[in-house]
Number of protein chains: 2
Amino acid sequence: MLTERSVLNNIAVVLVHPKYPENIGAAARSAFNMGLTRLIIVRDERPDREAMAKMATHKAVHLIDSMEVYTSLVEALAPFSYIVGTTARRGRQRGMERTPRQIVSEMAGLLPNNHAAFVFGPENCGLANEELKYCHATSAIPTADFSSLNLAQAVAIHCYELYYGLVHEKKDITPAPQAASTFELEGMYEHLEEALVKITFLEEKNHAYWMNNIRRFFGRMQLSSKESNIIRGICRQFMWHQDHSGKDTTP
Amino acid sequence: MLTERSVLNNIAVVLVHPKYPENIGAAARSAFNMGLTRLIIVRDERPDREAMAKMATHKAVHLIDSMEVYTSLVEALAPFSYIVGTTARRGRQRGMERTPRQIVSEMAGLLPNNHAAFVFGPENCGLANEELKYCHATSAIPTADFSSLNLAQAVAIHCYELYYGLVHEKKDITPAPQAASTFELEGMYEHLEEALVKITFLEEKNHAYWMNNIRRFFGRMQLSSKESNIIRGICRQFMWHQDHSGKDTTP
């Protein structure tokens, strides 16, 4: 029992620019109800404690007090190696959308050795593509007519599916190896981008488009730390080779 | 599709003495999100419309306006033939507790020819035994340490399970994009290998080892045809660039 519950400690709920402190409080309560302990927000300032605490109730107020606040998403996600972005359903245009239930089932094996984050966008507009690019998977709650849920409800349903799939209904899972963290991945993307600019594969007009395509398939495959290092090694070697080509030497 | 959705019209969400109009509004929005159309409250008077409508948002406000209000539960439940009472988990003392998911699965066969009600108690104390006696089944959302959910969240999770079990899971899954064929993948690997030899990343002594590492992570990710073409495009561009480097031109 203890082991099953403890995987929940490896999961964080991340709210990006939440507008209403009440929604943060409600998220804290839902997280607490479902055995999650880590709440992170991306926001320029810590919101009014009173309004958050009221919705959290005294039982979950400790999640408000231990909540981490970052000003940028990439900083908030740095230590995590599996990032799930939550969106309203958009049909196929957003790519690899799955339901929270599918996501939880697929990620179960990662959890013993990796930290995962579930990222929720602001109330009025959800996550932007700029934010979704950090995500390895996209989770969309099925709704009638593609209507979008209230933020607090979306958080509640995700927390519920996590608890249900990982603890309540726990199946035997084979733990997966440690995956590359956002910090390592972002370093790799920078390296890759540099190399692709060098060979003019990435040019001004299509730069972001192709880079997002590349992020999407690398994001899907849960690179290990070692693999992200291999790719950086290739980029490094390539850059070295470019700088020395014509001189007929090898490093 | 039409038939599956229409069973949702046979289900009502019933709130017994809800205290906060905001929770009624949130329940209306959740019901609407999940394709439910019928909201009933048991209360001595109709609550403030403004506060309910704000949480319902304009999309679900029609559920507020068509909401039925009864002064007694037995009167409210009169037309229903399958009543589910929702409770916080109490262990076994309450008898036939099941999860919402189990309940939905069990009741699916009843719905075409029967009307069902999901009954939720007041925020502070839940349903009394006096109210539970009308219920054919008791539904309890699994939570950590038997903690109890906010009313709006409990309604949201039940509506979600209804939509998921009765509509979403019945539908055919959205087809995934066409994956790259072995023919396309092998062409891509050849191209990749050529580029990696060129930059002396792959050398005689470790060639197979690194190439296998690379195949392993590309193999995991079910590349689409388009994505395998992007990778070949990068390799092609790189090879071209190598052959023309120093001449300061682009293709």
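Throughout, read-outs are computed from the coordinates displayed, never taken from laboratory work. Not measured: the values here are computed from a predicted model. Using ideal geometry, Cβ is built from the backbone for each residue, glycine included, and neighbour counts are taken over all protein chains shown.
If you take the Cα centroid of segment A:36-108 and the Cα centroid of segment B:17-69, the two points sit 27 Å apart. In nanometers and ordered shortest first, the copy-to-copy spacing of the A:Pro112 label point, defined 7 Å from Cα toward Cβ, is 4.6.
For a straight C-alpha distance cut-off of 30 angstrom, the lysines reachable from B:Lys54 (same-chain residues fewer than eight places away being disregarded) are A:Lys19, A:Lys54, A:Lys59, B:Lys19. From the largest down, segment A:2-168 spans 41, 38, 31 angstrom on the principal axes of its Cα atoms.
Can I get the semi-axes of the protein assembly as shown's equivalent ellipsoid? Compute them from the C-alpha gyration tensor as square roots of 5 times the eigenvalues, in angstrom, largest first.
For the protein assembly as shown, the semi-axes come out at 51, 22, 20 Å.
Fewest neighbouring Cβ atoms within 10 Å first, the residues B:His115, B:His168, B:His244, A:His58 line up as A:His58, B:His244, B:His115, B:His168. Amide H contacts under 5 Å for B:Thr99: B:Ala140, restricted to partners 5 or more places along the chain or on a different chain, H placed in the peptide plane at 1.01 Å from N. Contact order, relative form, for chain B: 21 percent (alpha carbon pairs under 8 Å, 6 or more residues apart, mean separation divided by residue count). Return the aspartates and glutamates within reach of B:Lys133: Cα separation strictly under 17 angstrom, same-chain partners fewer than 8 residues apart disregarded; answer none if there are no such residues. Of all the aspartates and glutamates, those that pass the test against B:Lys133 - Cα under 17 Å, at least 8 places apart if same chain - are B:Glu75, B:Glu97.
For peptide B:188-200, how many partner chain Cβ atoms fall within 10 Å of a residue's Cβ, on average?
Average neighbour count from other chains, rounded to a whole number: 2.
Across segment B:182-244 the C-alpha pair distances fall into 10 Å bins from zero in the proportions 21, 52, 25, 1 percent.
Here is how the number arises for chain B: DSSP H runs of 4 or more residues each give -39500 (n - 2.57), the sum is divided by the residue count, and the result at 222 nm is -14500 deg cm²/dmol. Averaging the Cα positions of each part gives two centres, and for segment A:111-134 and segment A:162-229 these lie 14 Å apart.
Rounded to the nearest whole Å³, what is the per residue volume of the convex hull around the Cα atoms of segment A:1-64?
69
Its alpha carbons considered, segment B:71-168 gives a radius of gyration followed by a Dmax of 12.9, 38 Å.
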